[in-house]
1. At what distance in angstrom do the alpha carbon centres of the stretch 142-199 and the stretch 50-87 lie from each other?
2. When a/c reaches 1.5 or more, the comparison of a/b and b/c decides; with that in mind, is the stretch 55-106 rounded, prolate or oblate per its Cα gyration tensor?
3. Quick one: grab the alpha carbon gyration tensor of the chain, order the square roots of its eigenvalues as a ≥ b ≥ c, and give me rounded if a/c is under 1.5, else prolate or oblate depending on whether a/b is larger than b/c.
4. How would His130, His114 line up by accessible area, probe 1.4 Å, largest first?
5. Could you compute the net charge surrounding Gly46? Neighbours are other residues with a C-beta less than 15 Å from the C-beta of Gly46; K and R count +1, D and E count -1.
6. Nearest 5 percent is fine: what portion of the DSSP beta bridges confined to the chain is antiparallel?
7. So what are the ³J(HN,Hα) numbers for the stretch 229-234, from phi and the Karplus equation (6.51, -1.76, 1.60; θ = phi - 60°), rounded to whole Hz, Gly and Pro as x?
8. Taking the Cα centre of the chain as origin, work out the dipole magnitude from +1 charges on Lys and Arg Cβ and -1 charges on Asp and Glu Cβ, in debye rounded to 20.
Amino acid sequence: MERLDGGVPVPERFRGGIAALGNFDGFHLGHQAVVGRAVAAARAAGRPALVATFDPHPVRYFKPDAAPFRLTTLDQRERLFATAGADAMVVFGFDAALASLSAQDFVAGRLVGHLGVAGVVTGDDFTFGHRRGGTVGVLAALGADHGFSVATVGAVSAGNVAVSSSRIRALLQSGDPAGAAALLTRPFAIEGAVQHGDKRGRTIGYPTANIALGSYLRPKYGIYAVRGRLADGRVLDGAANIGIRPSFDPPKELLEAYFFDFAGDLYDQTIEVQLIAYLRPEAKFDRLDALIAQMEADCARARDILSRERP
């Protein structure tokens, strides 16, 4: 699996491929159907299988002040695409130059010129080009002109409702990580480098791995049962707080994960924390002993949940 810059011609070995085209943030069931169709077509034709995505997300470009909403980082998407069978991820940097390209110029310059595609697969609601002037109908017509095939995949439904990144975000914001996981086919996970903090948790027997939330969507603030994956591949059960730590001053937005039965230095290591179950909202405790008692109860409940939710 290789990561390629969509702003320049790809290496010759990746030209003539079948490309899945879309944002694919979250890589949920619907996205998996699009990429699966492209990979199957590529394998059948003996061609490279590519996944072309955009970063930053177009919404971030057009609305730079929008609240954080990402479900996956590029690194996470790259691993997910590789697991799905793609040979390379092509990243189109979404900037002023790309935003100004017409649908026709995007196809001629990027898909044909830079990628040399033999085929493209998208969702049937995909739009592209300046002012979203390109639809799947436009793409099919341009494909016919330039000699590449175009296939579309309809929405995938769960519970008679179409699976979408927006639906997953709503579930996470309402404190339903299990509902989001059903649509993602895996738990929602926040990945980042472990930061040095004020080490208050260590002084009360609950040392935490602190991770900035960055561009990730903010799930409902509160306490979660979590599962962490370390850089060396170890998987640890734990409990985590996502929010502003109301019992401490000053407020600071973080993910703070406490891993059970673990002693080690995780500072500056990149880890991934999966949200398995929502336990309760954040709360302010005026006494330290009350906070510790609640943390003990939270960890006991998280252990019980995780013992029944194996990886």
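The values are calculated or read from the model by the stated rules, or taken from the named source; none is laboratory data. Bear in mind that the values here come from a model prediction, so they are computed numbers and not experimental data. Positions of Cβ are generated from backbone atoms using ideal geometry, with glycine treated the same way; all protein chains shown enter the neighbour counts. For the accessible areas, the whole protein counts, side chains as well, though only heavy atoms, and no ligand, DNA or RNA atoms are used. Shrake-Rupley method; radii C 1.70, N 1.55, O 1.52, S 1.80 Å.
1. 10
2. Numbers: a/c = 3.46, a/b = 1.30, b/c = 2.66.
Here the stretch 55-106 falls in the oblate category.
3. Details: a/c = 2.33, a/b = 2.24, b/c = 1.04.
It comes out prolate by the Cα gyration axes.
4. On the way: His130 90, His114 35 Å².
Most to least solvent-accessible, the answer reads His130, His114.
5. Numbers: positive: Arg13, Arg15, Arg43, Arg47; negative: Asp87.
Around Gly46, the surrounding residues sum to +3.
6. The antiparallel fraction comes to roughly 60 percent.
7. 10, 7, 4, 8, x, 5
8. Working: 34 positive and 33 negative charges, 97 e Å.
For this selection, approximately 460 debye.
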